[in-house]
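Reading through the structure tokens given below for one structure.
The values are calculated or read from the model by the stated rules, or taken from the named source; none is laboratory data. Predicted, not measured: the structure shown is a model, and the values here were computed from it. Counting neighbours? That spans all protein chains shown, and the Cβs are built from the backbone with ideal geometry, glycine included. Just so you know, the surface numbers come from the protein's heavy atoms only, side chains and all, with ligands and any DNA or RNA stripped out. Shrake-Rupley method; radii C 1.70, N 1.55, O 1.52, S 1.80 Å.
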Amino acid sequence: MMLTARSKQHLVGPRARSFSVKNFVALSLLLSSLTVSISVNAQVVPLKVVLLGDSSAAGNGARDESDERNYLPDSKEDDLCYRSPTSWFSQYVNLMNRDDSKNVAIAKDVAACSGATIADILNDENKGADQLKAIDPGTDIAIISAGINDMGFTDVLKQCIFHYPNPVTYVDACRKLIDDAEEIAAALEASYVSLFQRIQQESRPDTKIVLVGYPYGAVDDSYYLVDGVDIEFELSTWNLVDVSAERYAAGQRIREIGERLDQAQENAVKSFNAGLANDVACFVNTKALFAGHEPDPNLNFLDDSEDRLPLWFWESFEVEGFQGFDMSAWFHYNPLGHAALGNYLFQEYSDFSSCASGLAAPTPDESDVSVDIAFVFDTTGSMADDIASAAASAIDTLSALQANVTSLRGSVVEYRDDRCFGDLPARVALNFTFDINSIQSTIEGLWANGGGDYPESLYSGLMAAFNLEWRTGVKKVAIVFTDAPPQDPEPFGARLTYQDVIEKSLSLDPVAAYFIQTSSGAATNGVSEIAATTGGEIFSSSRDTVGAVVEEILEEALTTPFAWLGTSTGYYAYTNAPVTFDGYGSFAKSGKNLTLYEWDFDGDGTYDQSTTVPTVTYIYLGSFSGLAQLRVTDSEGLQGLATAIVDVSVDGDGIADGDDNCPTIHNPDQIDTTGNGVGDACDESFISDFYESFPVKAGILGTPYTGVAGGGMSIEGRNVL
């Protein structure tokens, strides 16, 4: 899987600040198509690649092929993560998956979230919450872009460029923030090493760790602040032309703290690798790639000069319409930047074999799969012997399985009847754990008691298991041990039916439900439907053969193909726009090949299209919220099933049109500053006020400038960029 070196693909030409988003998207798609040949019979076990970090990783500033924002409606503390399916990371993955010559497939998991710091990730809090949970022993590569928020770089930009929150002594305030950021950057080396160590603890010794650096925060050294009042302006360029006061080289210092962060990142990688037998961590410096394409802090956003390279960032006031005033995108990669970085990683690093020279790329084999198993026990009185039999064989069965998979987690759930466990008919006896001894001891500790009315709360037991935190991109199996049929519907609580259980299983990608019945009456129509629809099966067993049946179930589960629909978050799209479904993470086991991909676009159980390649495009003509399904078939006729959330609406933001406060404009954050029920993104009165007094409304400039009809500007005081 070694990468053959190829030259970087640089964009060359004038930097036209009047580029429309459509130009950006067109060039992004051109970049993404370079040197790619579509794989027809991709048959490799995918590398699991997890992305951690902040907004630069998540996808802030990305756009779709229709020039629209396409952030996923995921959130942390009621704030968007700004994850995008057209981010540089997603484009890198798509390029890798579609290039036959790489012989690599990637199953991606995006945990990065806008605003996250290294400290947040390490402490599992704020925007870093749950990011490390995406790392497990099945992770082959962890890619990170984080650290700039730890330095307080956002505060640097606000103060040094927009003079907020200190508009009076703004030069001193800017100088202090930059000095503080430089000091923090120097101390981040230890934080990076701690993060690398945590990743390795959660994954494997050979898991690659890739730290992607940041471009410069300013295109050159020309931006400076003036600590004085004698200022003249050349209104045609909006630049200072004559100053008789002390200047502070803010642009130079912004670039210097970027270099200091690079140094800390490089040192952290070297320090971490120094303690290992092989180099598993590497640093990707992006400054040369972005040279000349960085944002310009000078107030020349109206300048259409053609003496600069194309801009690869959104700048303040950069684009037309309300989206241009989406400050969250300012100083983030624009579509050109995302495409350039994704293509650079694809061309120059591929699977990162050449990045950490001391260790070959992770090479998954046909047995490389991770498994989550929930053991669900009917613990009414008649099940005592069955539980004992399962407990006696558990350690041997799980030990054998553990030796044949990348990682194994197990959990234990028990159910009886209405309110047998306080107010509940079921309880989680053991949450997911890698410790197979804990699994065995928990099963041994189950106490069979009660029952007597024959039908039991089987559906509640399965739902308790399904409500656990299952990993993405792994085989998911629930094994139910029972000698009695389910109550259908259950006569209490949510009045669960088998349809509810199926719906929940499928929403999890799915969880294949297997049933071991020690009584012929346990398998009702509802149980049969659950098993058939989720990809499971029903097995009959005597009390003496429970252990052997468990082994048979697990062998079957691991022999069937692994299906993957390319996302852990779902597909969010606009009506009448193409949706490209990705099945590249699917693979067959034991040397077999996948021969058929069947696509059910609306989750109704009828497969709408069949292909021999792992991708397909479909257009939803109206709004839709539900599941898409992919069924893969291997050369021996064995099948695997994958599902993914699909949400299609007029504006593609994941908010149902009837509930959306801007149903025609993409605004997954649903921010409504005025509280009038109309989102800021489409509230004409709010937008009008925003344009007329932006510095005051946004709280950025303390001494505002005011707009003048015809595009001029009147300068008030010295506080001008």
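Cβ-Cβ distances below 8 Å connect the following pairs, each with a first residue in the stretch 616-632 that is free of Cβ contacts under 8 Å to residues at least 40 places away in the same chain, a second residue that is aromatic (Phe, Trp, Tyr), and a separation of six or more residues or different chains: Val616/Phe581; Val616/Tyr597; Val616/Trp599; Thr617/Phe581.
Every listed requirement among (1) part of a loop (DSSP other than H, G, I, E, B); (2) modelled with pLDDT of 95 or more; (3) open to solvent by 10 Å² or more (accessible area, probe 1.4 Å); (4) in contact with a helix residue (DSSP H, G or I) (Cβ under 6 Å, 6 or more places away or on another chain) is met by Gly115 save one, (2). Could we say that Gly258 is within 16 Å of Asp179 (Cα to Cα) and modelled with pLDDT of 50 or more here? Yes. The single condition among (1) open to solvent by less than 40 Å² (accessible area, probe 1.4 Å); (2) in contact with a Phe, Trp or Tyr (Cβ under 9 Å, 6 or more places away or on another chain) that Arg98 does not meet is (1).
Inside the stretch 45-79, residues that are open to solvent by 10 Å² or more (accessible area, probe 1.4 Å) and part of a strand (DSSP E or B) make up a count of 4. Filtered by the rule that a residue be surrounded by 22 or more Cβ atoms within 10 Å (Cβ to Cβ) and free of Cβ contacts under 8 Å to residues at least 40 places away in the same chain, the stretch 488-497 gives a lone residue, Leu496.
The sole residue among Ala329, Ala356, Ala374 that is at pLDDT below 85, hydrophobic (A, V, I, L, M, F, W, C), touching a strand residue (DSSP E or B) at 6+ places or on another chain (Cβ under 8 Å) and on the phi < 0 side of the Ramachandran plot is Ala356. Just one of (1) under 30 Å from Asp372 (Cα atoms); (2) open to solvent by 60 Å² or more (accessible area, probe 1.4 Å) fails for Ala187. It is (1).
Answer yes if at least one residue in the stretch 197-219 is part of a strand (DSSP E or B) and at pLDDT below 95, and no otherwise. Checking the stretch 197-219: at least one residue is part of a strand (DSSP E or B) and at pLDDT below 95.
When each of Ile121, Ile38 is tested for being modelled with pLDDT of 90 or more and either not in a helix (DSSP H, G or I) or not basic (Lys, Arg) (or both), the lone residue that passes is Ile121. Would you mind stating whether Pro485 is closer than 21 Å to Ala532 by Cβ and either hydrophobic (A, V, I, L, M, F, W, C) or touching a residue at least 12 places away in the same chain (Cβ under 8 Å) (or both)? So Pro485 fits the description; yes. Restricted to strands (runs of 3 or more DSSP E) entirely inside the stretch 509-604, those with at least 1 residues that are open to solvent by less than 10 Å² (accessible area, probe 1.4 Å) and either at pLDDT 90 or above or closer than 30 Å to Thr482 by Cβ (or both) are 512-517, 578-582, 594-600.
Of the residues Gly152, Gly138, Gly128, the single one that is out of contact with any Leu (no Cβ under 6 Å at 6 or more places or on another chain), among the small types (Gly, Ala, Ser), touching a residue at least 12 places away in the same chain (Cβ under 8 Å) and surrounded by fewer than 22 Cβ atoms within 10 Å (Cβ to Cβ) is Gly152.
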